[in-house]
Amino acid sequence: MSPVPAGSLLAAQDLRKAYGPTTALDGADFSIHPGEVVAVMGPSGSGKSTLLHCLAGIVTPDSGSILYNGRELTAMSDSERSALRRSDFGFVFQFGQLVPELTCVENVALPLRLNGTRRKEAERAALTWLERLEVDDVRKKRPGEVSGGQGQRVAVARALVTGPRVLFADEPTGALDSLNGERVMELLTDAARSTNAAVVLVTHEARVAAYSDREIVVRDGRSRDMERVV
Amino acid sequence: MSARDWARDLAMGTRFAFAGGREGWIRAVLTAVGVGLGVALLLITAAVPNALDERHRREQARQNFTYGQQVPEKADDTLAIADLDTEFRGRDVRGRLMEPEGPKAPLPPGVDEFPAAGTMVVSPALKELLESGEGTLLRERLPYEITGTIGEQGLIGSHELAYYAGAEGLSDRVDGSRVWRIDTFGSPDPRPGSTDPVLLLLVLVVIVVLLTPVAVFIAAAVRFGGEQRDRRLAALRLVGSDGASTRRIAAGEALAGSLLGLVLGTGFFLIGREAVASVELFGISVFPSYMNPSPLLALTVAVAVPAAAVAVTLLALRGVVIEPLGVVRAARPARRRLWWRLLLPLAGVAMLYPMIGQGREGGEFNEYLVTGGVLLLLIGVTALLPWIVEAVVARLGSGGVAWQLAVRRLQLSSGTAARMVNGVAVAVAGAIALQMLFSGVEGDYTQSTGYDVTRAQMQVRVPQGVGLAEATSTFENSKGVRTVYPLSEGYLGDASWNKGPERTAELTVGDCATLREVARMSSCRDGDVFRVSGGEYDTDTPALSKPGRKLYLEPSAMPGTKAPDLVWTVPAELKQAESVEDPTGTRRGGFLMTPGALTDDVTKALRHELYIAVDPSVPDAREYVHNTAADLDPLAEPMNWQATERSERFDSIRTGLFVGATAVLVLIGASLLVSQLEQLRERRKLLSTLVAFGTRRRTLSLSVLWQTAVPIGLGLLLASLVGMTLGAVLLRMTNTAVRIDWASVATMSGIGAGVVLVVTLLSLPPLLRMMRPDGLRTE
Amino acid sequence: MSIGHTLLGLLESGPRHGYDLKRAFDEKFGHDRPLHYGQVYSTMSRLLKNGLVEVDGIEAGDGPERKRYAITAAGITDVERWLATPEKPEPYLQSTLYTKVVLALLTSRDAADILDTQRSEHLRSMRILTDRKRKGDLADQLICDHALFHLEADLRWLELTAARLDKLREAVTR
């Protein structure tokens, strides 16, 4: 266990989590500064997704501490964590994340509306983000009618529309070809840097991880911060 | 393609039907239960005509009156028999008093030997009633020792209350009106029975109403294919089975469910057949042995049901392309058109319309038109609902996030949503119509007496050999009696009754107080004679009421025997009286007299009637009056002027109907739950994602609720509308005043809504479980 | 690839004759290119001169050379440093990396550590290339992509090796 680096926005120490007999996390540490892009790498089944879920307050670890902005995540109630996710966090997943019945612009507006923003206003903000991610032409279409790359950009727009301080991306390009994947990564990291958001990027692809500032490796539920080793 | 291909593919599908894991099993079993209910209902339908025929045959076989005017002479093969029918708390009790007049006297069906005097044989239902605490009052009325039971042959229903009691001295009282002499039981001229058309209508409607939702359910169950089946079919295509063969395999899956359903249905029918014995509808019950469908009809059911299941599947797969890499549902279906959907219910009404106003006397209803019309109206619900849901959700505006999620989903798949609630809507529509019909007809069956029951509610004829005064005081002292109005009645003719008079007039004798119940008069003293004006059907009084005219009193002896003439002369002084409605609700005509105006022999020849007002505050007051009468003379049977148990009897029917409709709804609810869970599982990843970015669980649960509540709301609205229309048409057909039974509309809609609510509630725990982040795991 | 470090590493498990060293090297690493004996001789001389090995003893026998070498403390430190230093990401790196991993396994060091360190080094290069690519024109992009793909292939190999470390340990220490 290492001490929490000064000035970190989100930091976790000695996280442990088991699903039944399977140990997913076995003493993992993590920290990220505002505006930083950190890749979480490791073989599949190593616990990187679980680490992301714990950091985002989706899953409560069995033990360990997660400090976000000075607040202890593990001590918060479910609804407090939900509220935090709505206001401070954004999410991009590999697939299956857009609501198929809603149009793209409605999908992007959804997090704002969950926060209580009025429909008109939310959709206006959503449209700005769609433009920024170069997919405003599909705003009226449903997710089933757009390409994978477009859909993923819509998802990125949705993750960023609330102006999150931390963006969690779990294999965001997993379902895309390299060209589309790179474009999504470029847009994602550019957008995150411009808003000074931290990005926790879970990936097993080196070319995706190359968009990060540094990486940590998760193996057998334990993490290694490569920067501090070297 | 050969029959072998078919057989092979169907068999393979059959195997798949039960190989789909727990969900596959549940779906197969639900389909089987649905088909089973359908089969059972069809078999019962096929058995009902037989049952009614059998009932009629038995009823005719035990008739104990002669149609000829002539009463046969007493002989060693004759039997004196008297009707002792009574009523107990609104239920009819068939009673007969018998005295064999010789060793060869005929035995009634179902009775092995004549009960000795003072003993009786009873139907099982009566025995049970008498032995229960409920029957104590009736027991007092039937002071005979029970020595045996009447066999099924002698009864027309499992619930019939009947007894045969032995008596002495009955043969002396044979009069051809209440006491008969017969040498054989059974109608000398048996005729095929004509079922009460309204009853037939009820049976038909009940069956269609219960059957249609089951059919709709089966159709939906077959179509709720689910991802799993799609994947299976696609996999079959991938390994080289062609499109037609894949369809046959899918049909085989449906066939498996319906074959199992056939077995279940036979079981249900056998259970239902026994259960039928415990049901009494409008005083009609049947024995299980009556319920035998004709073999041909049974065979038709056995073949038609599985065939229909296969046909529905093939029909449902019409819009589906099964490709090796997945199942493609025909892209975006064309916008639903209204006209042919409206045509269905309109055609239904059109088929029923010609029969409007026929009523009970208007002859028989055309069974096919009734069935077809009701069916079309109900099916119309399933045709209209998808259109309405589509049209309404397309116009639904913005709201909260939960509302938006639900509405958008409905807009994208309104057909699925409508299909899910179709069964519920049809069941509710049918049940509402049936409730209206039942309550209307039930009211009709018991309320048309027209008696003014505020003054007197019962009438008893004073038995022979009992004095009027004695009888009056006996009843006045009886428990439950408030007032007794004794009136003596007879008829006066203008010539001897041995020859046959040409003109007649009514004669009513009573004290002044009692006479004032039947006519308005300025003054009255004992000895007065009044001529009444304003009576119904009274044409001869003016001609007969001439002072000095000799009038002949109708003798009370039985027809065909000679009796000495009793003559009364119209007195010089005739007072005027104006008829008013008497306690029985009719206006009497003829003459009113006080006792002092008559000679004793004339008084003796009159029939003495007691009009009795019971004390409504005494429970079972009527039963006490019955008992007092029976105590006075078993043959003196009081008439009830109103069935007080009407609502109680209706309640039991209503309960039965609710149970039936609820059972159908629960079945539909179960299938709703299965498909709901299936849909949720397909969206598992999406739900987890929504939770990840902070969607409140409440929002998602609410959206699931909206998603079912909106179509079910529309469905129930349409169901109430169609149900009330159908109910109104049916009531018009039976010539009954149309009265909307809002209570049952509300109750049935409530049950329908309740089923959906329960389904949603039951799907919430799995929903909450699915919203856990496990769904986010990428494997 | 450094033969000197490899031989040093082989000595860590115990003193050996020069010929034994050649046989061990050939068996573990020299699948397609057996080591020339002269190479062993010259390398050992250099190591001896640098004080990384010492002569443990000389045996009389048939062969030309019967010296037995043993690793010194300075030698062990040298191997340690070599293993911990990631290689400069460049094409056809596998044989060196492979040697390092096997040696780590043979000397009971953390082989995964070596792989992680190497990956970090590779990623550092890839970040630089990615950055250049983002700022450059199409030609730059294509050139960078070529390098990136090669590095990615190395990284994939690293991942795969990491996943198979247990099996490899079993194989080389048998």
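If you take the residues in the range A:58-80 that are in contact with a helix residue (DSSP H, G or I) (Cβ under 6 Å, 6 or more places away or on another chain) and at the interface with another protein chain (Cβ under 9 Å from one of its Cβ atoms), which one is farthest from A:A18 (Cα to Cα)? Looking at the filtered set, the residue picked out is A:I58. Going through the range A:195-222 one residue at a time, which ones are more than 11 Å from chain C (Cβ to nearest Cβ) and among the small types (G, A, S)? Residues satisfying the conditions are A:A197, A:A198, A:G221.
Any chance the range A:131-146 includes a residue that's without any contact (Cβ under 8 Å) to a residue 24 or more places away in the chain and of a type outside the set (D, E, K, R)? Scanning the range A:131-146 turns up no residue that is without any contact (Cβ under 8 Å) to a residue 24 or more places away in the chain and of a type outside the set (D, E, K, R).
Contact map, the range B:280-307: residues that are hydrophobic (A, V, I, L, M, F, W, C) paired with residues that are outside any helix (DSSP H, G or I) and modelled with pLDDT under 75, Cβ distance under 8 Å, separation 6+ or inter-chain. Pairs shown: B:V286/B:A277; B:F287/B:A277. Would it be correct to say that A:L10 is within 14 Å of chain B (Cβ to nearest Cβ) and either modelled with pLDDT under 90 or closer than 16 Å to A:F168 by Cα (or both)? For A:L10, the condition - within 14 Å of chain B (Cβ to nearest Cβ) and either modelled with pLDDT under 90 or closer than 16 Å to A:F168 by Cα (or both) - is not met.
Restricting B:L726, B:L768 to those that are among the hydrophobic types (A, V, I, L, M, F, W, C) and more than 30 Å from B:L702 (Cβ to Cβ) reduces the list to B:L726.
Counting just the residues of the range C:84-111 that are within 21 Å of C:V172 (Cα to Cα) and free of Cβ contacts under 8 Å to residues at least 60 places away in the same chain, which one comes out surrounded by the most Cβ atoms within 10 Å (Cβ to Cβ)?
At the first step, the residues of the range C:84-111 found to be within 21 Å of C:V172 (Cα to Cα) are C:84, C:93-111.
Keeping just the survivors that are free of Cβ contacts under 8 Å to residues at least 60 places away in the same chain gives C:84, C:100, C:104, C:108-111.
Values: C:A84: 15, C:K100: 28, C:A104: 23, C:S108: 11, C:R109: 19, C:D110: 13, C:A111: 24.
Only one residue tops the list, namely C:K100.
On the basis of being at the interface with chain A (Cβ under 10 Å from one of its Cβ atoms), touching an Asp or Glu at 6+ places or on another chain (Cβ under 7 Å) and closer than 18 Å to C:L97 by Cβ, does C:L123 make the cut? Judged against the criteria, C:L123 is a match.
In the set B:T472, B:T508, only one residue is assigned to a helix (DSSP H, G or I), in the same structural domain as B:P564 (by TED's automatic domain parsing) and closer than 27 Å to B:T86 by Cα; that residue is B:T472.
In the range A:104-125, the residues that are more than 9 Å from every other protein chain (Cβ to nearest Cβ) and under 21 Å from A:L84 (Cα atoms) form Cβ pairs under 6 Å with partners that are of a type in the set (D, E) and part of a helix (DSSP H, G or I), at six or more places apart or across chains, as follows: A:A109/A:E123. Listed conditions (1) more than 24 Å from B:T149 (Cβ to Cβ); (2) at pLDDT 80 or above are all met by B:L52, apart from (2). If you check B:L492 against the conditions, is it aliphatic (A, V, I, L, M), more than 26 Å from B:Y611 (Cα to Cα) and assigned to a strand (DSSP E or B)? So B:L492 does not fit the description; no. Within the range A:165-181, residues that are at pLDDT below 85 reach partners that are in a loop (DSSP other than H, G, I, E, B) with beta carbons closer than 6 Å, at six or more positions or on different chains, in the pairs A:G174/A:Q94; A:A175/A:Q94; A:A175/A:F95. Do we have B:M120 as touching an Asp or Glu at 6+ places or on another chain (Cβ under 9 Å), closer than 21 Å to B:H626 by Cα and in a strand (DSSP E or B) here? Against the criterion (touching an Asp or Glu at 6+ places or on another chain (Cβ under 9 Å), closer than 21 Å to B:H626 by Cα and in a strand (DSSP E or B)), B:M120 qualifies. Scanning the range A:1-30 for residues that are free of Cβ contacts under 8 Å to residues at least 40 places away in the same chain and either under 22 Å from A:D62 (Cα atoms) or assigned to a strand (DSSP E or B) (or both) yields A:M1, A:P3, A:Y19, A:G20, A:P21, A:T22. Going by what's in this entry, would B:I207 be described as β-branched (V, I, T), over 23 Å from B:G660 (Cβ atoms) and at pLDDT 70 or above? Here the answer is no, as B:I207 does not meet what is asked. Within the range B:84-107, does at least one residue satisfy the condition of being surrounded by 17 or more Cβ atoms within 10 Å (Cβ to Cβ) and within 18 Å of B:S289 (Cα to Cα)? There is no residue in the range B:84-107 that is surrounded by 17 or more Cβ atoms within 10 Å (Cβ to Cβ) and within 18 Å of B:S289 (Cα to Cα). Here B:T695 meets the list (1) closer than 30 Å to A:L112 by Cα; (2) touching a residue at least 24 places away in the same chain (Cβ under 8 Å); (3) assigned to a helix (DSSP H, G or I) almost entirely, failing just condition (3). Once the range A:160-194 is narrowed to residues that are under 15 Å from the mean Cα position of the chain (by Cα) and basic (K, R), the residue that is nearest to the other protein chains (Cβ to nearest Cβ) is A:R193. Residues in the range B:364-373 that are more than 17 Å from B:A46 (Cα to Cα), at pLDDT below 85 and in a helix (DSSP H, G or I): B:L369 only. When A:V38 is tested against the conditions (1) of a type outside the set (S, T, Y); (2) farther than 23 Å from B:F693 by Cβ; (3) surrounded by fewer than 24 Cβ atoms within 10 Å (Cβ to Cβ), the lone failure is (2).
The values are calculated or read from the model by the stated rules, or taken from the named source; none is laboratory data. The shown structure was predicted, so the numbers you read here are calculated from the model rather than taken from an experiment. Counting neighbours? That spans all protein chains shown, and the Cβs are built from the backbone with ideal geometry, glycine included.
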